[in-house]
Amino acid sequence: MRSEKLFNESSKFFPGGVNSPVRFYKPYPVFISGGKGSRIMDVDGTSYIDFCLAYGPLILGHSHHAVRRAIMEQLEKGWLFGAPTELEVKLGEILSRLTGMDMMRFTNSGTEATMHAIRLGRAYTGKKKIVKMRSGYHGAHDYVLVSPGSGAAGIPSSPGIPDETSKNTLIAEFNDFDSVDKIFKENKGEIALLITEPVLGNIGVIEPLDGYIKFLREITEKYDSLLIMDEVITGFRIKYGTASQFYNVRPDLIVMGKIIGGGLPFALFGGEREIMEKISPSGNVYQAGTFSGNPLSVSAGTATIMELEKMNYDIFKDYLHILNKYVDDARDDFNEKITLNGIGGMFQIFFNNEVKNVDEALKSDSERYFSLFNYLLEKGFYLPPSQFESLFFSFVHERGEIESLGRTVYEFIGTHKDRK
Ligand SMILES: Cc1ncc(COP(=O)(O)O)c(C=O)c1O
């Protein structure tokens with residue numbers, strides 16, 4: 001197996017053989033040689049229907065012709081200038097119109113974008129503490145790699161992060177109104193901002209309860225704190241625009257990434273003009289990046305957003321309906337604890353009766369999920385290996401491919417009784 005050989009080589013140069021930890025799974029990950037449409041191919045020539053889609057960006061599938069053309073055209077003209085371009089203005093105008101953000105700043109990754117949005121939120125409000133949800137993910141920087149400590153104050157979730165930083169990050173429970181209320185009451189006058197994903201997508205998929213996002217808007221307003229919506233996954237994933245629009249809420253700042261870069265490194269934070277003008281050089285909150293707004297990413301992003309305008313997001317409802325049918329049958333026919341959560345083009349299967357909050361997600365049988373992952377891989381389906389990720393549809397998946405995923409999940413449950 002070439003993947004195994006490559007992994008042994010790779011492990012000499014990269015910790016764990018990979019350049020991002022989610023890519024590792026036991027005994028070794030398959031190494032990918034290419035992708036086209038809904039399929040990727042590994043170095044041994046095996047083809048898979050891809051429901052990982054590079055963890056979300058590739059809503060148009062692999063190597064989409066319009067995105068490829070935009071990148072190629074830009075390649076001819078040069079790919080980095082360290083100076084502003086017309087391309088940025090055009091994408092800024094499109095995104096402002098489609099999302100309602102007055103102003104924005106382009107970055108290269110979601111991690112950078114949330115880090116700078118948080119710095120901006122602290123500077124704007126003049127307050128130090130921030131609130132995030134337990135198991136919400138906002139990238140790999142110190143402000144947000146924080147786990148629950150005693151009370152709401154956070155502790156570092158990785159060695160190397162100072163306690164002094166983490167204790168200013170307070171941890172609330174997604175979908176628990178009281179936990180948020182309590183934190184705001186107990187830290188009155190000290191909370192700069194609350195940052196959350198509108199739909200949790202890094203603990204599997206968990207939708208907000210009715211009224212929860214509105215409640216977050218109201219409580220942040222009441223306590224003079226900012227609401228930052230992290231739409232790195234949900235932007236253009238649930239509708240043609242933001243999930244904030246879907247839930248009818250106007251956050252102070254929005255962070256976007258993944259889809260809006262069409263598969264190239266790209267993200268942004270943006271929102272109200274009065275807040276965004278505090279960013280340097282119009283304001284004094286420092287933020288910078290050599291590759292920010294680079295022409296290749298901006299071209300790929302623009303082409304993607306323009307293509308998406310032609311797409312019908314309702315197709316994802318049909319796809320979820322198809323999968324749900326198989327999951328329901330598996331539950332009934334084999335007495336399996338299984339459920340499917342999904343909205344728009346993001347979904348996840350949990351081995352639990354239902355998952356409406358983080359505790360229920362954590363209680364689902366993640367070992368069984370890993371067995372399902374391996375079974376599906378063997379049968380030609382590529383998924384994220386972890387229970388605690390989202391799976392994604394693209395607009396180039398075909399109905400038959402969704403049926404076949406559902407059928408294979410059903411088959412796994414009928415033939416694998418090794419559950420806890
Ligand atoms: C909601 C959310 N925010 C931020 C990030 C970080 O983005 P990046 O990996 O581009 O740094 C991610 C990445 O998965 C994410 O899902």
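The values are calculated or read from the model by the stated rules, or taken from the named source; none is laboratory data. Predicted, not measured: the structure shown is a model, and the values here were computed from it. Neighbour counts run over all protein chains shown; Cβ positions are idealised from the backbone, glycine included.
For this structure, a couple of remarks:
- Segment 233-262: number of residues that are farther than 13 Å from Ile59 by Cα and either within 11 Å of the ligand (Cβ to nearest atom) or not acidic (Asp, Glu) (or both): 15
- For segment 66-74, the condition of being more than 24 Å from Ser394 (Cβ to Cβ), in contact with a helix residue (DSSP H, G or I) (Cβ under 9 Å, 6 or more places away or on another chain) and away from the ligand (no atom under 16 Å from the Cβ) holds for none of the residues.
Condition check ((1) under 22 Å from Glu173 (Cβ atoms); (2) buried (at least 20 other Cβ atoms within 10 Å of the Cβ)) across all residues:
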residue: Arg331; (1), (2): no, no
residue: Ile338; (1), (2): no, yes
residue: Glu367; (1), (2): no, no
residue: Phe370; (1), (2): no, no
residue: Asn374; (1), (2): no, no
residue: Lys379; (1), (2): no, no
residue: Pro385; (1), (2): no, no
residue: Phe388; (1), (2): yes, yes
residue: Arg407; (1), (2): no, no
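- Test set (1) within 16 Å of the ligand (Cβ to nearest atom); (2) closer than 30 Å to Glu401 by Cβ; (3) touching a Gly at 6+ places or on another chain (Cβ under 7 Å) - Tyr55 fails condition number: (3)
- Selection from segment 145-166 of residues that are in a loop (DSSP other than H, G, I, E, B) and under 18 Å from the mean Cα position of the chain (by Cα): Leu145
- Failed item in (1) farther than 15 Å from Thr107 by Cα; (2) surrounded by 24 or more Cβ atoms within 10 Å (Cβ to Cβ), with Gly270 passing the rest: (1)
- Matching residues, segment 1-50, being within 16 Å of the ligand (Cβ to nearest atom) and surrounded by 13 or more Cβ atoms within 10 Å (Cβ to Cβ): Val18, Val22, Arg23, Phe24
- In segment 201-214, the residues that are within 14 Å of Ser135 (Cα to Cα) and assigned by TED's automatic domain parsing to the domain that holds Ser244 reach residues that are within 14 Å of the ligand (Cβ to nearest atom) and among the small types (Gly, Ala, Ser) with C-beta atoms within less than 6 angstrom, at least six apart or across chains, in these pairs: Gly201/Ser390; Ile203/Ser135; Val205/Ser390.
- In the set (1) in a loop (DSSP other than H, G, I, E, B); (2) over 17 Å from the mean Cα position of the chain (by Cα); (3) surrounded by 24 or more Cβ atoms within 10 Å (Cβ to Cβ), Asp210 fails one condition alone, (3).
- Scanning segment 188-206 for residues that are in a loop (DSSP other than H, G, I, E, B) and buried (at least 18 other Cβ atoms within 10 Å of the Cβ) yields Glu197, Pro198, Val199, Gly201, Asn202, Ile203, Gly204, Val205.
- When Asp142 is tested against (1) more than 30 Å from Tyr382 (Cα to Cα); (2) under 25 Å from the mean Cα position of the chain (by Cα); (3) surrounded by fewer than 22 Cβ atoms within 10 Å (Cβ to Cβ); (4) more than 16 Å from the ligand (Cβ to nearest atom), only condition (4) is not met.
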